[in-house]
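Below is one structure, written out as structure tokens, with a few remarks after it.
What follows is calculated from the coordinates using simple rules that are stated; it is not laboratory data. Predicted model, so just to flag it, every value in this text is computed and none were measured. Reconstructed Cβ throughout: ideal geometry from the backbone, glycine too, with neighbour counts over all protein chains shown.
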2 protein chains.
Amino acid sequence: MVRENEIRAGELAVDAPAPTDAGLIFIGRICTPWTSRLGAPRQGRLDGPVCRIEVFAPWEPALRGLEAYARVEVLYWLHLSRRDLVLQSPADNGLARGTFSLRSPARPNPIGTSIAALVGVEGRTVLVRGLDCLDGTPLLDLKPDRALFTPIAPPQEGDFHVGS
Amino acid sequence: MVRENEIRAGELAVDAPAPTDAGLIFIGRICTPWTSRLGAPRQGRLDGPVCRIEVFAPWEPALRGLEAYARVEVLYWLHLSRRDLVLQSPADNGLARGTFSLRSPARPNPIGTSIAALVGVEGRTVLVRGLDCLDGTPLLDLKPDRALFTPIAPPQEGDFHVGS
């Protein structure tokens, strides 16, 4: 069961440092059909409903060329999540696992990442399928799916670096 | 050619808002063979060199269970990057594309994401192949590769939500 903000049997919270190592800019807002964590998908599906990503000024020019990619990586800020849990019990059954072995939204830096199917770009609105976040989630970034992207810059020495 | 911090012909920088919408915690440090952006890989490769991810206290317990996954998603902070470019010319040839159509490190929120092959977990050190970031890059998060992860929480209404 997806949590609101309670701590469950077997879970461990720690004193997290103040989140002051770097700062984020919300570059847009994501509109989805889900208004409660208790009814949202646990994971998005590429045949799910179309969701709207509204990109704020001054970032609109940064969308140029995105329409060439069938899938985009979406990064967003899970703004309602606890950040202090190191052990979590997703099934609320007393069995706990480490936060980094889960894709739970509760994590020290609650950044969600999804690969979404691109439906279209209209002005500064990006339409996609495959998200699972709540309506109103702040947008952090958009990039082409790594599997579809070929670097445009010429190769560098590190590109040929294999080995032990 | 990978940039240091210059602005090139055809590129566009904007007045970015102050990065104060949310704050990040650096949860570890990534050790790689690359000390200059001019020699680092443009994209990591799964047969690349083993890199060490050192997770800071108090997050060590959060690693429990990660070793079960063959691939992990690594999020890190591209601490040397410009954040104000909306159009970029990766080949420095006068042709510019939108930042969100590129996987360049220069972006409003310079968060790198990689899928890395997990080599092992030793205490609070995670060994992986497939990174392309510089030595000393701050770590933001680790999660199982989405393609390998099955949610542990029971299904919710949104999981069955398909459609237009």
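Things to note:
- For the range A:141-164, a residue qualifies if it is among the basic types (Lys, Arg) and either crowded, with 16+ Cβ neighbours inside 10 Å or closer than 20 Å to B:Thr32 by Cα (or both), and exactly one does: A:Lys143.
- Annotation note: Cβ proximity below 7 Å between a residue of the range A:143-160 that is within 7 Å of chain B (Cβ to nearest Cβ) and a residue that is among the small types (Gly, Ala, Ser) and part of a loop (DSSP other than H, G, I, E, B) (sequence gap 6+ or interchain) occurs for A:Ile152/B:Ala91; A:Ala153/B:Ala91; A:Pro154/B:Ala91; A:Gln156/B:Gly39; A:Gln156/B:Ala40; A:Glu157/B:Gly39; A:Gly158/B:Gly39; A:Gly158/B:Ala40.
- Residues of the range A:118-140 satisfying the condition of being surrounded by fewer than 19 Cβ atoms within 10 Å (Cβ to Cβ) and of a type in the set (A, V, I, L, M): A:Val119, A:Leu127
- Set side by side, the residues A:Gly39, A:Gly48 differ, and just one is without any contact (Cβ under 8 Å) to a residue 60 or more places away in the chain, under 19 Å from the mean Cα position of the chain (by Cα), part of a loop (DSSP other than H, G, I, E, B) and at the interface with chain B (Cβ under 7 Å from one of its Cβ atoms), which is A:Gly39.
- Some residue of the range A:67-77 being of a type in the set (Lys, Arg) and either under 16 Å from the mean Cα position of the chain (by Cα) or not in a strand (DSSP E or B) (or both): yes
- Considering the conditions (1) buried (at least 16 other Cβ atoms within 10 Å of the Cβ); (2) more than 7 Å from every other protein chain (Cβ to nearest Cβ); (3) under 20 Å from the mean Cα position of the chain (by Cα); (4) in a loop (DSSP other than H, G, I, E, B), B:Ile30 is excluded by exactly one of them, (4).
- Filter pass, A:Ala62 being more than 9 Å from chain B (Cβ to nearest Cβ), outside any strand (DSSP E or B) and either surrounded by 17 or more Cβ atoms within 10 Å (Cβ to Cβ) or among the aromatic types (Phe, Trp, Tyr) (or both): no
To keep it simple, each residue is scored yes or no on (1) touching an Asp or Glu at 6+ places or on another chain (Cβ under 8 Å); (2) on the phi > 0 side of the Ramachandran plot; (3) of a type in the set (A, V, I, L, M, F, W, C).
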{"position": "B:Arg8", "(1), (2), (3)": "yes, no, no"}
{"position": "B:Ala13", "(1), (2), (3)": "yes, no, yes"}
{"position": "B:Ala16", "(1), (2), (3)": "yes, no, yes"}
{"position": "B:Asp21", "(1), (2), (3)": "no, no, no"}
{"position": "B:Ile25", "(1), (2), (3)": "yes, no, yes"}
{"position": "B:Pro33", "(1), (2), (3)": "yes, no, no"}
